[in-house]
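Below: the structure, in structure tokens.
The values are calculated or read from the model by the stated rules, or taken from the named source; none is laboratory data. These numbers were taken from a predicted model, which means no experiment stands behind them. Note that we place each Cβ from the backbone using ideal geometry, even for glycine, and neighbour counts take in every protein chain shown. For the accessible areas, the whole protein counts, side chains as well, though only heavy atoms, and no ligand, DNA or RNA atoms are used. Shrake-Rupley method; radii C 1.70, N 1.55, O 1.52, S 1.80 Å.
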Amino acid sequence: EKTRGWREPHPARSPAGGVLLPAPARPAGGVRGRAVMMSANFGGGVPRFGLKADTRAKASEDPRSARDDGGESYDGRRRRAQKAAVKQMRVLSQFAFSRLVAEKTTFDVRVRVYKSEDKEKVVRMERPVDFAQWVQRAAYSCGFEHCYLRDPDTQSMLLNRAAIELYLHDFAQLELTRKLDVITSWSERALSRLLDERHVSQLVQGCHEVWELACRAENHEVVREFAEIFAHVTVLLDHQDFAVRSIAAATVFTLAHVPQTLAMMPVADIVLKLLASATRKSNAEEEGDKVVWIVGAINAMVQTDEGRTAFVAAGGVRALLPLVVAPQPEVRRAAVILAHTLLGDDSEVRPEEVVLYGARDLVGLAAGHESSMVVRAVALYVVNFAVRKMAPAPARAGDREGQPAPAAGQAHALAELLPTLAPPMVGVMAEAKVLWEESVARGEAEDEEADRVPYALLEASLGGLWSVAGYLSVAGQPLEPLADALQLAVPFALAPSEKSLGAAAAGFLACVRADTAVLAAAGEPAVAPRLLTLLEEMVGRTKLGRRHELLGAAMANWAHLPAEHNALLEARGLARVLALASKLHARAHDTGASLKGRMLGLHTSLAYTAMQLCAGDAVSDDRASAQASAEDVRSVLALLDSSRPGAIFGTACLFGLARASPTAPRAAQAATAVEVVGAEGGVEALQRVFRRA
């Protein structure tokens, strides 16, 4: 409370009343026959009680009729004190203090020996009032075996729990009145200082006082009565003196935390003035903490519709993103958080602007070591989120509509920019992987900060690579993978326990351009067969999800390489792929639903992989030909009625298996395929597919 500037109440302002408490047995070394004072902290002033060790005190059981020396009754004194306070209770019915006091469950009680110079002691009391507990704690704190509570102002003694509750309630009401007077006087004094434009010190002090008041949400009820404060604080946001600008921004930031107060503020004007203040070149030489106040105020304003519209119209994205490379680490952190705020789901900020004007600096911040690891991770998350939002999403049932495609000029700039972000991301991923493995090797728990932060940086860098590769893949310019990236991504994609990292790694492998030389340089042969093995295991024991779909897409992407194609055929890949596709179709059929969502995506990837395996040497001479059995041909026929993609790729599979060939093995297989197709009704199935097409 003292940090907020509240004064201790004058003794004359304390409410009347007292409590009489019987005492438990005396602790060792206790004193009998003394009295103490006790006061409880309600969040401002404190009521005080006297503890007295007189067991023969005569008092009625009714606390309202208790008398000490035959004077005025307790109830009369309390009514007189309440009448004096009624004139000052102006807005207490709307004041938030009353609710806070009613909900308060603990009190810091100060205990002092009555009529003595002993120092006060602090005891924690609880509410609802447990009469015996209050007695015990009060007595033990002073070393008594028997004691009574007294009101130091009226010398009244209270006898039971109801009397204590009444005393606390009445004190709370008077305390609210006192606080209301204090807050009102502070607001008036702050306003008078804000009007003194000739003295910078008065302006700074005035803003500081408004800031102190705004730190407590319950004070805003009074502050909003002084509407001139908002206008004067807004004017000071572009003051020539940096100290005035910064403290005014801190005041705006604190006031904006209460929606009712924010609704009274000129948000659009505030945003424009804050933008001008935050982009001054002289800020690079100021204290970073104070520059953060300005950026933080912008962050609070852009979370409103009016503030966000004004921010976008004024070109705030392009103006503020360079702050991520500011010399002060505090400013870099605030700028990264602001960029994250700007990319909200309902934001009007186009993600292309964030990528074009800030992605290079954000990735550079993550690749450096001038900022904390948390800030570096958030910077990569911002890039990841921005790239994903601007990538045109494929139209598919259940997916939300993608963002509109960038303009032609922006698309060309993005196609040149995004590939340059991959190498530094790979470097960050390698560093984060080492740090994470070291923390795990030390035996640190997964929920420890030292373990979570490297993991977050690793996840952000791998997710950023996936986003970049995904955008370029949709744009028709697949990313050329680096050998270092494959060395890092393939183990995560093949690790069954890594859910988040495994999904990101599989997504990266599904989007990059498959290259034999890069795969050989990475030392990761036979990727497609290992992906198929993991996929079979996961489909059998886990619920289908995003990672299953991505693993299937990654396998289909790498299966068209001759080496991976031949490795799959050697591992009976065609039969296994077709069996897995049939299993998915049967699972959907058993539930009475069609293939859709994640299941449809995985089924399509499996059918596409089967088509590549059936094509074999028809694509290139360095590919082996598939040796399909009659059961495999039946599985291919099942694809025709599974889904629209299944019908397309199933037809291609039949063409690959039944095509004519001069070699004897291929001719025998073609004959087998034609025979099975005729026997199993394949011609009719092909006719149905043709009619649907």
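Here are some notes:
- Distant-in-sequence amide H partners of K121 (H built 1.01 Å from N, under 5 Å): V111, R112
- Stretchable slack from R513 to A217, in nm (0.36 nm times residue separation minus alpha-carbon distance): 101.0 nm
- Accessible solvent surface per residue of segment 256-378, calculated while the other protein chains remain in place, 1.4 angstrom probe, Å²: 44
- Sorting 217-226, 127-136 by average packing, meaning the other beta carbons within 10 Å per residue, from highest down gives 217-226, 127-136.
- Label-to-label distance for D289 and V235 is 3.0 nm, based on points extended 7 Å past Cα in the beta-carbon direction.
- With the cut-off at under 20 Å, measuring from each backbone N in segment 602-637 to a point 7 Å along the Cα-to-Cβ line of A671 picks out 625-634.
- Sequence of M301, M599 from largest to smallest accessible area, 1.4 Å probe: M599, M301
- Accessible-area composition of segment 449-577, carbon plus sulfur, in percent [1.4 Å probe]: 56
- Estimated at the nearest 10 Å², the accessible area of E348 is 90 Å² with a 1.4 Å probe.
- Across segment 197-206, coupling constants 3J(HN,Hα) worked out from phi with the 6.51/-1.76/1.60 Karplus curve, θ = phi - 60°, read 7, 7, 10, 4, 4, 5, 5, 5, 5, x Hz, and Gly and Pro carry x.
- Simple label model, 7 Å out from Cα along Cβ direction - S192 to A441, nm: 6.8
- Pairwise FRET efficiency - S500 versus R634, Cβ, R0 = 45 Å, nearest 0.05: 0.70
- Surface calculation, 1.4 Å probe, protein heavy atoms: S582 sits at approximately 40 Å² accessible.
- Distance from the Cα centroid of segment 164-201 to that of segment 270-284 is 33 Å (rounded to whole angstrom).
- A straight chain from M264 to L544 at 0.36 nm per residue would run longer than the Cα-Cα distance by 95.8 nm.
- Cβ-based charge dipole, segment 294-388, positive-most Cα from S372, T341, Y357: S372
- Simple label model, 7 Å out from Cα along Cβ direction - T106 to V619, nm: 6.8
- Across segment 330-335, coupling constants 3J(HN,Hα) worked out from phi with the 6.51/-1.76/1.60 Karplus curve, θ = phi - 60°, read 5, 5, 4, 5, 5, 5 Hz, and Gly and Pro carry x.
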